[in-house]
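The values are calculated or read from the model by the stated rules, or taken from the named source; none is laboratory data. Small disclaimer: the values here were computed from a predicted structure and weren't measured. When we count neighbours, we look across all protein chains shown, and the Cβ atoms used for this are built from the backbone with ideal geometry, even at glycine. Only protein heavy atoms, including side chains, enter the accessible area calculation; ligands, DNA and RNA are left aside. Shrake-Rupley method; radii C 1.70, N 1.55, O 1.52, S 1.80 Å.
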Amino acid sequence: MSTWRDERNAKSRARLERRLSELFPACVLNHALRQPFTPPTQRRAVEGYWRHHPLRADRLARALAAKSGAPDGWTWRLGREKATGLPLSFRMPPAPYREPDFSRGDGHCCVCGQPVFRLGWHRDLWGDGKPNRNATWHAACVVAWQLWTAPTDHLKALKLRQNRKCPASGRRLLRTAEVDHRVPLFAVWAEHRQTPWPDLLAFWGAPNLQVINKAAHLEKCSQEAASRAERRAALEPALP
């Protein structure tokens, strides 16, 4: 049997422990040491921890956003250019602190607005009260944003949360099962636009995500398309 991995992990662990802070989160360290390949740095250990726990990252990101609240004068609106920081589609989650007019600057997360501390952590474990001025994302918020914008990449975690059961049919999830938003995002834009931020984020996060079998998903999408067509027809002026 090759000893290559054992030798690599021994070197990585030695490097990690050489620079390990006494206040480094124990949950992250324990996770790092259980991995097939030990991360060689504290930052990579933190990033790996949150990648392995996307639903936990989602909850934390929304909790941090609730702590910040929406900036005064902010409203959810769409833009036409990336430079504005506005979402270009209702499929992107609203993020006021990504907009230049409301950004809190370096050392604050552009997703939730809270200070970013060492290693992209969300709490000042080191007690020096100094945000990391080189950071604009929490490590957890990076993963939460990925979940919100590309939920299919986290299919495995979402399946496990449902015990691999399809909530639409009650049957076991098949390999072709797909991620679905319980409340479709077009309906969020049309009907829930005035919901206070950050409560809006729940429509992109785990509370609104489910994995359903493909046949059930197709049927749900068909019903939503019919409902959307009826809504458009009702808004069109009557012909003379």
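Structure values in brief
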quantity: Residue that is touching a helix residue (DSSP H, G or I) at 6+ places or on another chain (Cβ under 9 Å), farther than 21 Å from LEU147 by Cα and open to solvent by less than 70 Å² (accessible area, probe 1.4 Å), where the choices are GLN114, GLN35; calculated: GLN35
quantity: Enumeration of residues in region 1-27 that are open to solvent by 100 Å² or more (accessible area, probe 1.4 Å) and closer than 22 Å to LEU119 by Cβ; calculated: LYS11, ARG13, ARG15, ARG18, ARG19, GLU22
quantity: Subset of region 156-184 that is over 26 Å from CYS112 (Cα atoms), of a type outside the set (S, T, N, Q) and free of Cβ contacts under 8 Å to residues at least 12 places away in the same chain - its residue that is most open to solvent (accessible area, probe 1.4 Å); calculated: ARG175
quantity: Filter pass, ARG62 being within 26 Å of ALA190 (Cβ to Cβ), of a type in the set (Lys, Arg) and either over 15 Å from the mean Cα position of the chain (by Cα) or not in a loop (DSSP other than H, G, I, E, B) (or both); calculated: yes
quantity: Failed condition for VAL188, given (1) touching a Ser or Thr at 6+ places or on another chain (Cβ under 9 Å); (2) over 30 Å from LEU20 (Cβ atoms); (3) open to solvent by 60 Å² or more (accessible area, probe 1.4 Å); calculated: (3)
quantity: Any hit, region 136-155, residues being at pLDDT below 95 and open to solvent by 50 Å² or more (accessible area, probe 1.4 Å); calculated: no
